[in-house]
Amino acid sequence: MRKLIIGILLFTAATAARAQSSATWKTSGIFTWGYNQTDVSRNWTGKETFVRSWQLGLTLTAERISEKTNWTTSFQEKYGESQAAGIHSILTDMIEFNTVWSYKFYEYLQPYASFYLLTQNDVFWDPITYMESAGLSFTVFDNKLHTLKTRAGAAARQVDNSLMGNQRETGAEAVANYTLQYLKVLKFTSEARVFETFAHGENLQWQNRLFLKTGPWFTTELGYIVYFDNSRIPAHSWPNDVETMFYASLGLSFNLF
């Protein structure tokens, strides 16, 4: 599996390197960190107890644009912990990598190849999901305010999970990406990813993130994630096994690009 991943990345890099020298790069990145703590003395008579929580996030995006090709790569890292009354909990835990290469056959319709990886920090690489797909992508609109792109094609999906067993599936994948950027104070991203397997039915992943710049060094982030994944829950039935998570954080932020 590692050889396959390395091969895909090298092929993508080699293909992109053949693009015209006039290609331009668009890069963006943001690092966020938040911390909260309450500490009381042993003789404290109120109901408050020791509580400590923190979380960090890192989002990186690089897009290479040339006359005939487009290569977009994104990386997302989120992790957070809390401790209260002697109980340790994980607030958020995710590592996501996605790269998509497309060829501009027509102005708005392009063949593409993509590689996607999803895992976590806590038990690194277990579980982990790989997806490779190829098909056609379509740009609905792309301007200074917002962008909407969709793509669909054949896909292969591998899930390595020591608790629920490994899965190897083939099927079809459809992805929709929407981005709204208003000046430098608001950014909203939404990605819906549907994978239809030939044996086990649908898998849905929908991520929404809203960034609000509340000061020179502060950012408020709101997120909403929806999962319907047959590799996460054994009893895979709609809509009982739809998983959702909402999070909100306010903390220090730093724009990397």
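The values are calculated or read from the model by the stated rules, or taken from the named source; none is laboratory data. Here the structure is a predicted model, which is why all the values come from computation and not from measurement. Don't worry about glycine lacking a Cβ; one is built from the backbone with ideal geometry, like all the others, and counts go over all protein chains shown. Side chains are part of the model used for accessible areas, which takes the heavy atoms of the whole protein and leaves out ligands, DNA and RNA. Shrake-Rupley method; radii C 1.70, N 1.55, O 1.52, S 1.80 Å.
Miscellaneous remarks
- Phi to ³J(HN,Hα) by Karplus 6.51 cos²θ - 1.76 cosθ + 1.60 over the range 151-162, Hz, x for Gly, Pro: 8, 8, x, 6, 8, 10, 10, 10, 10, 9, 9, 5
- Atom-type composition of the exposed protein surface of the chain places 63 percent of the accessible area on carbon and sulfur (1.4 angstrom probe).
- 3J(HN,Hα) couplings calculated from phi for the range 137-145 with the Karplus curve 6.51 cos²θ - 1.76 cosθ + 1.60 (θ = phi - 60°) are, in sequence order, 10, 9, 8, 6, 7, 8, 9, 5, 8 Hz; Gly and Pro show x.
- Applying 1/(1 + (r/R0)^6) with R0 = 35 Å to the Cβ-Cβ distance of residue 143 and residue 222 gives a FRET efficiency near 0.90.
- Here the simple spin-label model places points 7 Å from the Cα toward Cβ, and for residue 254 and residue 166 these points are separated by 3.9 nm.
- FRET efficiency for the pair residue 27 and residue 93, taken as 1/(1 + (r/R0)^6) with r the Cβ-Cβ distance and R0 = 30 Å, rounds to 0.70.
- Among the listed pairs 104/184; 144/187; 187/213; 68/184, those whose Cα-Cα separation exceeds 18 Å are 104/184; 68/184.
- Relative contact order of the chain: 12 percent, from C-alpha pairs under 8 Å at least 6 residues apart in sequence.
- The chymotrypsin sites (Phe, Trp or Tyr not before Pro) found in the range 34-78 that occupy coil by DSSP, while having at most 14 further C-beta atoms within 10 Å, are 44, 50.
- Computed from backbone phi with θ = phi - 60° and the Karplus coefficients 6.51, -1.76 and 1.60, the 3J(HN,Hα) list for the range 38-55 is 10, 10, 10, 6, 5, 8, 5, 8, x, 7, 5, 10, 5, 9, 9, 8, 8, 7 Hz; x is used for glycine and proline.
- Computed from the Cα positions only, the extents of the chain along the three principal axes stand at 72, 46, 33 Å, in decreasing order.
- Sorted into 5 angstrom bins from 0, the C-alpha pair distances of the range 21-62 split as 6, 15, 15, 10, 11, 8, 9, 6, 7, 4, 4, 2, 2, 2 percent.
- A full extension of the chain between residue 109 and residue 75 corresponds to an added length of 9.8 nm, given 0.36 nm per residue minus the alpha carbon distance.
- Modelled label positions at residue 47 and residue 204, each set 7 Å beyond Cα in the direction of Cβ, lie 3.7 nm from each other.
- GluC sites (Glu not before Pro) restricted to DSSP loop in the range 95-150 with at most 16 other C-beta within 10 Å: 107
- In the range 124-178, the chymotrypsin sites (Phe, Trp or Tyr not before Pro) that fall in loop regions by DSSP, at most 15 other Cβ within 10 Å: 124, 125
- Set of aspartates and glutamates with alpha-carbon distance to residue 26 below 15 Å, sequence-local pairs under 8 removed: 63, 67, 142
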